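Below you'll find the structure, written out as structure tokens, and then a few comments.
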Amino acid sequence: MEEKEKQSLPEISIEQLEEGVQHVNNPIIGLKPIEKRYLQSVKEYKQVNNSFYFTDGESTVEVMVLSDEIIRVRMAPQGTFLEDFSYAVPKLVNTATVFSFTETAEDYRVETNTVSCIIDKKHFLISFADNQQNIINEDLSAMHWEENVDFGGYYVYCTKKGHPGEGYFGLGDKPTTFNMRGRRFQNWNTDTYSFARDQDPLYRSIPFYIGLKDTTAYGIFFDNSYRTYFDFGQEDQDKTSFWAEGGELLYYYIHGPHMMDVVKRYHTLTGTHPMPPQWALGYQQCRWSYYPESKVKKLAQTFRDKKIPCDALYLDIDYMDGYRCFTWNKKYFPDPKKMVKELSDDGFKTVVIIDPGIKVDENYWVYKEGKDNKYFCRRSDDYFMEGHVWPGRCQFPDFTNPEVREWWGGLFKGLVDTGVAGIWNDMNEPAVFGSGTFPDDVRHQYDGHRGSHRKAHNVYGMQMVRATYDGLKKLYKNKRPLTITRAGYAGVQRYSSVWTGDNLASWDHLKLALLQCMRLSLSGVSFCGTDIGGFTGEPDGELFTRWIQLGVFTPFMRAHSAGDTREREPWSYGEELEAINRKFIELRYKLMPYIYSTFWEHHKYGFPILRPVVMLEQDKIENRAREEEFTFGDKILISPILHPGQTSKTVYLPEGKWYNYWTYESYEGGMEHTAHAALDSMPIFVKAGSVIPEWPVMQYVGEVDLEEIKFQVYHAPYEVNSFYYEDHGDTFAYEQEIYTEKKFVVKGDDHSLSIRQFSEGLYTPRYETYDLKLIGLPFLPTRVIIDGKEQQVELEFDALKRVRINANKNFKEIQVLS
Ligand code: GLC
């Protein structure tokens, strides 16, 4: 109630700001009037290295140049800044080498090669322009604040001009239209069982958005872990604002001009996902819960009998003894080590759930250790924070304390010794039955920057999964762990994959799944997925199959369902659908080397894995409303079927030439086409000029030792680069350049096709040859020249105009001529 009222306090105009203070009747409980204080005219400035400090006599604003394209702004209402600490940005790397500062009668300008930050002296308004002096983003009114009489500190506000047609994207996984224009959101991690379209807030807080003004993209990352709000022209279409219930008004302006540039630069601040173990990109089967052991083994056996590939099986909370974390229910799982080993021998990894609530039980070692070492959170008056979760009465570790994180990481030793390969971190918003979450007064160590739960709430889950990831990394030695988390804050990608929580088995949720994953991908969290089939409710077979199809193209692919639903595996809906589900899960494995390469591009270069079309062609205004097409990496475009009974749909293909993945028919881009997709198909298109690596179907990652690797090469009437990556698949040797990174350059015309290959890295795959399948040649090939030598190859030119050739994996150039 209180927050709602606060959101709608009237804004005041610059002209009204003579005194800099406005008294507004407090609408809450008739308390004393709220004081809104605005920055006043700038009186002076000083420069310290790459930071400029501007003051109006009382308040100070710091403008820090971080790179040619990133400028950080922060405000200290009383002139004293808070400690410069952020969980999202672990290290501020300053790469700006050249910038200038100028002063005129009206303003100050801090300029890099790309961006100008202009500080208007009279009204203390801040704006950002490109190097052609086009204003991209500007304050509508000066930054302002209100005192928080209950907790100390301030509610802090920033109000920007909104422009006609400006689009807004990102902000985590809000379950709403892709373009957020006209809407208002809140960030406060919340356990939202069976959430609905437009429900807000959900489980994660990522206070970062991309604005698209005319055809220029920019980003705003409001790095504030308190409850934050974003209004994208809902209250007033000419205004975009963001504010927080505490902390500092601190944001990064990230220049584009392309959306891709913004996302990549956001990743330079907050990091990317580490490379996952490759098996974690396979199909994963989950349910609340598979138990006892005999059921888990039967599940595994059925996958193998039915030849449906699967890499991981999940154990939900019932594997524990009375829901005590780090224990096993010995009745259901009498010998977990043996079971996990047997599953592993059959190619299955075992992933188990862990919750933050630790059962209050004097006979339980985890509770005892936590209690003795004072690792659990306390209220303001020193009592323990207690709440009920699955095990009943619980206390909760303070994951914002590094010592607690270290302890927590070590608790996984038993599970790791048992052979568990991944940890699923749940309920870490943190969720508490009844009250929802912790009360505001709970205290947190916050890595030495102490604060209440108001400050720590949104980072709690991220710090839990950080502790988990770091602990597993140590315990696994050089093996990569898989971690999954439900809650998170900006930067969570450095420690974990994310799933979108307790969704619902409905067609609208299938669409939301697509929107949420695209949006997460733009918000730094590329390794994301949804509960395939919907967590609550009962999907029919058609919906389940269409969800599997979308799942092939979400980076994290896991089916999951609630305990009160019917069991749901790829074979649960009869033979016909089982065959289709198999076909699509197999497709995931065929595309595995492409998916893995795309992951590397994310990890190393900060590219998002899923790319909505507006990101590919941001200058076409109509693309802002296209919510269904996206590319996985930059070569494969997907437009999933999202409606019951639908067997065809209109698909927009961006400029250039495209091929239908199934039929090899070619299409001109820059326009819409009708794509047919009966239930056993889905619209998938490949960009002309692409080189797509392919694995043979295998039942799990690593089952088959590759004797050669296949590549599909799609002819293009122009030049296109493709990218291929390979490494051990499960070690950290890639950090020492033990990998192979290949670039293919494909160039074609009406009579020829050439493929050039460039390699980097120290990893040598065991296979020697490539099996290249050339697709869409507009001519009948007669000659093949590899590295300058004419080859005697039998060209298999089939009805679909495909040509197969074999080549040594180290070739430099192949020419195919008519
Ligand atoms: C939460 C999770 C869900 C899990 C359940 C039981 O609702 O979101 O995925 O199955 O708890 O652990």
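The values are calculated or read from the model by the stated rules, or taken from the named source; none is laboratory data. It should be emphasised that the depicted structure is a prediction, and the values quoted were computed from it without experimental measurement. Cβ coordinates were reconstructed from backbone atoms using ideal geometry, including for glycine residues, and neighbour counts include every protein chain displayed. Just so you know, the surface numbers come from the protein's heavy atoms only, side chains and all, with ligands and any DNA or RNA stripped out. Shrake-Rupley method; radii C 1.70, N 1.55, O 1.52, S 1.80 Å.
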Which percent, to the nearest 5, of DSSP beta bridges fully inside region 493-636 are antiparallel? 45
Starting from the residue with the highest accessible area, list Arg324, Arg379 in decreasing order, probe 1.4 Å. Arg379, Arg324
With every protein chain kept in the model, how would you rank Asp321, Asp139, Asp68 by accessible area, 1.4 Å probe, largest at the top? Asp321, Asp68, Asp139
Got a number for the accessible area of Trp662? Probe 1.4 Å, square angstrom, nearest 10. 80
Tell me the carbon and sulfur percent of the accessible area for region 308-383, rounded to whole percent, probe radius 1.4 Å. 44
Mind pulling up the Rg/Rh value for region 705-817? Radius of gyration and Kirkwood radius, both on Cα. 1.00
With Rg and the Kirkwood Rh both taken from Cα atoms, where does Rg over Rh land for region 3-270? 0.94
Options Val745, Pro717, Thr769, ranked by Cα towards positive dipole end of region 705-817, top entry (Cβ charges): Pro717
In region 705-817, what percent of the accessible surface is made up of carbon and sulfur (1.4 Å probe, ligands and nucleic acids excluded)? 45
Residue order for Ile786, Ile585 - accessible surface, 1.4 angstrom probe, largest first: Ile786, Ile585
If the viscosity is 1.306 mPa s and the temperature 10 °C, what translational diffusion coefficient in µm²/s does Stokes-Einstein give for the chain when Rh comes from Kirkwood over Cα pairs? 57
With every protein chain in place, region 3-270: carbon and sulfur % of accessible area (1.4 Å): 46
Rounded to the nearest 500, the 222 nm mean residue ellipticity computed for the chain from DSSP H runs (n ≥ 4, each -39500 (n - 2.57)) alone is -5500 deg cm²/dmol
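In whole Å, what three semi-axes, largest first, describe the equivalent ellipsoid of region 688-769 built from its Cα gyration tensor (square root of 5 times each eigenvalue)?
Output for region 688-769: semi-axes of 27, 16, 10 Å.
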Under 17 Å between alpha carbons, and skipping anything fewer than 8 positions from Lys306 in its own chain: which lysines qualify? Lys295, Lys297, Lys298, Lys583
What lysines could a cross-link reach from Lys121, if we take a straight Cα to Cα line under 21 Å and drop same-chain neighbours fewer than 8 places away? Lys36, Lys43, Lys46, Lys160, Lys161
With both partners inside region 699-799, how many of the DSSP beta bridges are antiparallel, as a percent to the nearest 5? 70
Would you tell me the accessible area of Ile738, worked out with a 1.4 angstrom probe on the heavy atoms of the protein chains, in Å² to the nearest 10? 50
Per residue, how much accessible area does the chain have with a 1.4 Å probe, in Å²? 36
Using θ = phi - 60° and Karplus 6.51 cos²θ - 1.76 cosθ + 1.60, couplings along region 384-394 (whole Hz; Gly, Pro as x): 5, 6, 10, x, 9, 9, 3, x, x, 5, 10
Excluding residues fewer than 8 places away in the same chain, name every one of the aspartates and glutamates whose C-alpha is closer than 20 Å to that of Lys338. Glu293, Asp311, Asp316, Asp318, Asp321, Asp346, Asp417
Indicate the gyration tensor shape class of region 58-128 (rounded, prolate or oblate), computed on the Cα atoms with a ≥ b ≥ c the square roots of the eigenvalues: a/c under 1.5 is rounded; otherwise a/b larger than b/c is prolate and the rest oblate. oblate
Derived scalar couplings ³J(HN,Hα) [region 73-84; Karplus, 6.51 cos²θ - 1.76 cosθ + 1.60; whole Hz; x for Gly, Pro]: 10, 8, 10, 10, x, 9, x, 10, 7, 6, 4, 7
Taking a probe of 1.4 angstrom, what is the accessible area of Asp345 in Å², to the nearest 10? 100
Can you work out the Karplus-derived ³J(HN,Hα) for every residue in region 456-471? Use 6.51 cos²θ - 1.76 cosθ + 1.60 with θ = phi - 60°, whole Hz, and x for glycine or proline. 9, 3, 6, 9, 4, x, 5, 6, 5, 6, 5, 4, 5, 4, 5, x
Measure of compaction for region 89-206 (Cα Rg per 2.2 N^0.38 Å): 1.38
